[in-house]
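A short worksheet on the structure shown next.
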């Protein structure tokens, strides 16, 4: 089976698809000036777009890993997450506090999803 890579750059790809599974790189917001709810909504919209490109969607997420810069903003992240997650299809999830690559980023999300 071949590996399909999406949006390949020198350092990373946004997504790799192999053996019926889409592996997304950590997705970050486009507008780092937004609050954590806004940044999370931006990231989730990007995830929706990438999953659609892979021929799948958020109902097929196998695992989500969420990195927040400050756990004091956990509720704001969850506000956007709860509005987005598909009813009856909430995936397994881990959320941890981490120093992110850009000091203005408040959230980064990695997902793995079934394709097909």
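The values are calculated or read from the model by the stated rules, or taken from the named source; none is laboratory data. Note that the structure is a prediction, hence the values are computed from the model and not measured. So basically every Cβ, Gly included, is an ideal-geometry build from the backbone, and we count neighbours across all protein chains shown.
Set side by side, the residues 41, 64, 87, 32 differ, and just one is free of Cβ contacts under 8 Å to residues at least 12 places away in the same chain and either out of contact with any strand residue (DSSP E or B) (no Cβ under 6 Å at 6 or more places or on another chain) or not in a loop (DSSP other than H, G, I, E, B) (or both), which is 87. In the range 102-116, of all residues being modelled with pLDDT of 95 or more and in a loop (DSSP other than H, G, I, E, B), the one that is nearest to residue 17 (Cα to Cα) corresponds to 115. Within the range 76-94, the residues that satisfy the criterion of being buried (at least 16 other Cβ atoms within 10 Å of the Cβ), under 14 Å from the mean Cα position of the chain (by Cα) and closer than 15 Å to residue 43 by Cα are 77, 78, 80, 81, 85.
When the range 44-56 is filtered for residues that are out of contact with any strand residue (DSSP E or B) (no Cβ under 8 Å at 6 or more places or on another chain) and closer than 15 Å to residue 109 by Cα, the ones remaining, listed by number, are 45, 48, 49.
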